[in-house]
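The values are calculated or read from the model by the stated rules, or taken from the named source; none is laboratory data. Because the structure is predicted, anything quoted here is derived from the model rather than measured. Every residue, glycine among them, receives a Cβ derived from its backbone with ideal geometry; neighbour counts consider all protein chains shown. These area figures cover heavy atoms from the full protein model, side chains too; ligands, DNA and RNA do not enter into them. Shrake-Rupley method; radii C 1.70, N 1.55, O 1.52, S 1.80 Å.
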Amino acid sequence: MSTPLHHPVKVWDWSIRLFHWSLPVLLYLLWHSAGEDLDRHMLFAQLMLGLLLYRLIWGFIGTPYARFRHFVYHPARILAYLRASLGPDKPVYLSHNPLGGLMVLVLLGTLLLQAVTGLFATDDIFYTGPLYDRVSRSTSDWMTQWHKSWFYEGLLLLVGLHVLAIGLYKLRGEGLVQAMVTGRKAATGRVTDLVDVRRQGFPWLRFVLAASAACGLVWLIFNGL
């Protein structure tokens, strides 16, 4: 069901925006430190893994528009959106549209795969991942190769597609970048996924729980397992 809307609506909470803008910074730092300063590379890897774990947890207990159930759709709904978006009256979504939600899952999954393979990787000289000794040498070699090659191939391709999609939506009058800066999205016409969040404050208790759980898991992986 669509709802008429003619004013900006608060969509992304500050933690989602911080998560979003931290990713490209950390990706650059991870790339720049790889093979040159592995101590810093491991530190940045811990930060990246912590952010990803937080986002996964926040996707279940976070603010309404951040929850996976709000933007993960059935494949039939994705196909219907693709057909409808080709017309002049494309559906308007405040959160990720069905295709954007799919891209979020792919990006999160890819980043997690990159992070997890690094836990078992080695440079064969000085450094090994914190879980290197939990697998066979052949498995570690496979994960090391995957960790080194996936960033340059698959991950950069997905980032490029993401940037291209942002540009295309901008041409169609939907400012996704501005919404991720201000937290508010201006939409006109009939909105498909409106949630009334005017009286909902930021859930600080759930945030503390999610952040603590993410930090605790990272500590266990790098120190306690």
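Using the 2.2 N^0.38 Å rule of thumb for compact globular proteins, work out how the chain stacks up: its C-alpha Rg over that value, please. Could the numbers behind the result be given before it?
Working: Rg = 19.5 Å, N = 225, 2.2 N^0.38 = 17.2 Å.
So the Cα radius of gyration is 1.13 times the expected 2.2 N^0.38 Å.
If I ignore ligands, DNA and RNA and count only protein heavy atoms, how much of W150 is accessible to a 1.4 Å probe, in Å² to the nearest 10?
Around 60 Å² of this residue is reachable by solvent.
Round to the nearest 0.05 the FRET efficiency obtained for W31 and A213 when R0 = 30 Å and r is the Cβ-Cβ distance.
Computed FRET efficiency for W31 and A213: 0.60.
Taking only complete DSSP H runs, can you tell me which helices of the chain stretch 30 Å or more along their own long axis by Cα positions and average at least -0.5 on the Kyte-Doolittle scale?
Values: long enough: 38-61 (34 Å, 1.18); 98-119 (32 Å, 1.93).
Span-like helices here: 38-61, 98-119.
Modelled label-to-label distance, H162 and F126, 7 Å Cα→beta-carbon offset: nm?
Each label point is offset 7 Å from its Cα along the Cβ direction, giving 3.1 nm.
What whole number of Å gives the distance from the Cα centroid of the range 107-173 to the Cα centroid of the range 57-84?
Answer, in whole Å: 24.
K185: which lysines have alpha carbons under 24 Å from its alpha carbon, excluding same-chain residues fewer than 8 sequence positions away?
K10, K90, K170
Under a 10 Å cutoff between Cα atoms, tell me which one of S149, S138, S15 has the largest fluctuation in the Gaussian network model of the chain.
S138
Computing the accessible area with a 1.4 Å probe over protein heavy atoms, can you report the carbon and sulfur percentage for the range 88-134?
On the way: 1430 of 2200 Å².
Carbon and sulfur atoms account for 65 percent of the accessible area of the range 88-134.
For the range 1-80, what % of the accessible area comes from carbon and sulfur atoms, probe 1.4 Å? Write down the numbers at each step before the final one.
Details: 3000 of 4370 Å².
Result for the range 1-80: 69 percent of the exposed heavy-atom area is carbon or sulfur.
For W150 and N223 in the same chain, what is the full-extension length gain: residue separation times 0.36 nm, less their Cα-Cα distance, in nm?
Numbers: separation 73, 0.36 × 73 = 26.28 nm, distance 2.58 nm.
Separation in residues times 0.36 nm, less the Cα-Cα distance, equals 23.7 nm.
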